[in-house]
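Values quoted throughout were computed directly from the atomic coordinates according to the rules given, and no laboratory measurement underlies them. It should be emphasised that the depicted structure is a prediction, and the values quoted were computed from it without experimental measurement. All Cβ positions, even for glycine, are placed from backbone atoms using ideal geometry, and neighbour counts span all protein chains on display.
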Amino acid sequence: MPCVSTTARSGGWEPLAPCVKVTRAAGNVLFELDGTPALDVYKQYLGDYAKDLPSSGLLFPFEMLNEARSTTGVIRTILAVDEGSGSLTLAGDIDPNGFLQLMHASSDRLVDGAEAAANAAKEMAAHPGGGIGLLVSCGPQAGDGRPH
């Protein structure tokens, strides 16, 4: 009997702001976006949520875009802020030549995205003989690997 493998993914994140160019980054520390301190750019779009950083950053991750400003499917969550340097520490390295787009979502949209991925995987795997499914929910992680 042949082994069939399918994948599907979906998220509930939606763009909150226009994409911005990474102008200075080192590893997972983001210093500048479009020549402006990254923290200043970030706070501009967060409004009242800015006072609750870094914890409110879980609600507003960045999507990494490539040099052509196309999606890469990679989301980076905020782990820490540094008021002194105006930098953001993200949960993973940043492409120093790429672009980022600030995202947001409600719990309902995230659940809808998970449901859409599950339904897509179910449809792709619809074949006689049964099968097995593995569903993974990827959430923000603390620096030590524990979920927030």
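Data table
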{"read-out": "Point-to-point label distance, residue 52-residue 123, nm (Cα→Cβ direction, 7 Å offset)", "value": "3.5 nm"}
{"read-out": "Inter-site label distance for residue 44 and residue 83 at 7 Å from Cα along Cβ, in nm", "value": "2.1 nm"}
{"read-out": "Additional length obtainable on full extension of the chain from residue 34 to residue 68, 0.36 nm per residue less Cα span", "value": "10.7 nm"}
{"read-out": "Peptides 56-65, 23-32, 69-78 ordered by average Cβ neighbours within 10 Å, highest first", "value": "56-65, 23-32, 69-78"}
